[in-house]
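*Asks:* Sharing a structure, written as structure tokens. Questions coming.
Each reported figure results from applying straightforward, stated rules to the coordinates on display, with no laboratory input. In this text, all values refer to a predicted model and were calculated from it rather than measured experimentally. All Cβ positions, even for glycine, are placed from backbone atoms using ideal geometry, and neighbour counts span all protein chains on display.
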Amino acid sequence: MENLLEKPVENLNPYELDSLSSVPLYSQIVRFFLVAISAGELRVGEKLPTEKKICEQFGVSRITARRAVSELEGMGHVERKQGKGTFIIDRHVKVYAMAMDGFGGFAAHSSGISDTKIISKRFGLANEKEASLLKIEVGSPIQELVRCLYLDGMPLMIDKALYCNTKYPGLIDSYKKGESTYEKLEKEFQAIAFTNEKEISYTVARPDEAVILRCNVGDPLYYIEKSVLDENGGVIHHAIGLAVASRVKLTLSYSR
């Protein structure tokens with residue numbers, strides 16, 4: 001495998017730091033390397049340029065270079081090896097694109113320590129778009145639960161789930177951190193998820209999302225839109241997931 005001692009940082013896609021930006025210089029360097037990793041210019045097992053090389057290329061102090069490398073290490077993208085250097089590692093978390101079991105299922109499939117945080121709960125009346133997604137009348141009462149999923153303390157995904165309040169009254173009002181909404185729906189309302197429809201595309205992090213996900217504004221996100229249906233084709237809920245692309249690997253599986 002190619003060693004990055006022979007592939008200096010200046011041979012990667014050119015990138016100039018913006019000293020006038022509100023984004024700290026170390027964060028701009030982190031973003032540069034995240035883009036290089038995502039683009040395959042830096043691969044798993046390859047060596048990250050030394051702090052000295054980073055200083056020379058970007059014209060920053062050793063403190064700034066060290067902070068950038070520490071941030072990459074804290075995010076799980078690199079690993080320091082005593083006496084050898086810092087290497088790119090694969091810490092992408094698998095998210096099964098065809099799965100239907102939500103956050104609870106993710107926790108069961110993950111080897112790390114998973115956790116959720118409730119961002120917000122909202123009650124209101126369905127507008128035209130929301131009514132269409134849930135297959136209900138415009139003006140029907142709805143409820144929205146927004147959560148963030150963490151693995152080993154690192155935020156991976158924001159989940160915005162929409163429910164019909166007439167079908168499932170009080171669902172999110174009594175929801176507690178760590179509960180499975182699927183189990184709650186089945187136990188309290190006999191609503192059993194039978195199938196789901198998903199569309200996956202890309203978007204970028206907006207300022208409020210970047211704060212929650214601890215990423216930079218403009219960082220790439222997977223945009224996962226999902227409708228969960230019961231056996232009669234009725235919509236149980238509609239959800240939008242925003243997953244940090246540099247931390248998540250979408251996996252498709254098929255069996256006959």
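*Asks:* Computed FRET efficiency, Cβ-Cβ of residue 121 and residue 81, R0 51 Å: what is it to the nearest 0.05?
*Replies:* 0.65
*Asks:* Given a cut-off of under 8 Å on Cα pairs at least six residues apart, what relative contact order in percent is computed for segment 93-251?
*Replies:* About 25 percent, as a whole number.
*Asks:* In the calculated pair distance distribution of segment 93-251, what percentage of Cα-Cα distances lie above 25 Å?
*Replies:* 28
*Asks:* Any of 53/249; 160/249; 135/187; 135/177; 167/249; 117/187 with alpha carbons more than 25 Å apart? Name them for me.
*Replies:* The pairs that break the limit, which is 25 Å between Cα atoms, are 53/249; 135/177; 167/249.
*Asks:* Using the count of nearby Cβ atoms within 10 Å as a rough guide to exposure, how do 215, 55, 148 rank from fewest to most?
*Replies:* Values: 215 24, 55 17, 148 20.
Least to most surrounded, the residues fall as 55, 148, 215.
*Asks:* HN-Hα J couplings of segment 152-157 from phi, Karplus 6.51/-1.76/1.60, θ = phi - 60°, integer Hz, Gly and Pro as x?
*Replies:* Rounded to whole hertz, the list is 6, x, 9, x, 10, 8.
*Asks:* Another question, if that's okay. For residue 70 and residue 174 in the same chain, what is the full-extension length gain: residue separation times 0.36 nm, less their Cα-Cα distance, in nm? Mind showing how you got there, number by number?
*Replies:* Values: separation 104, 0.36 × 104 = 37.44 nm, distance 4.02 nm.
Working it through step by step, the gained length comes to 33.4 nm.
*Asks:* Could you work out how far apart the two model spin labels at residue 41 and residue 21 are, taking each label as a point 7 Å from the Cα in the direction of the beta carbon, and quote it in nm?
*Replies:* It works out to 1.4 nm between the two label points.
*Asks:* Hey, another quick one. So, counting K/R as plus one and D/E as minus one, what does the shell of residues with Cβ under 9 Å around residue 192 add up to?
*Replies:* Overall, the nearby charge balance is -3.
*Asks:* Could you work out the local net charge near residue 215, counting Lys and Arg as +1, Asp and Glu as -1, over the other residues with Cβ closer than 14 Å to its Cβ?
*Replies:* Here the count lands on 0.
*Asks:* Additional query: Starting with the fewest neighbours, write out 146, 228, 23 ranked by other beta-carbon atoms found within 10 Å of each beta-carbon.
*Replies:* On the way: 146 19, 228 23, 23 14.
Ranking 146, 228, 23 by Cβ neighbours within 10 Å, fewest first, gives 23, 146, 228.
*Asks:* Follow-up. What is the fewest-to-most order of 73, 197 by other Cβ atoms lying within 10 Å of their Cβ?
*Replies:* Exposure proxy ranking, most exposed first: 197, 73.
*Asks:* For segment 147-230, what is the relative contact order in percent, using Cα pairs closer than 8 Å and at least 6 residues apart in sequence?
*Replies:* Across segment 147-230, relative contact order equals 26 percent.
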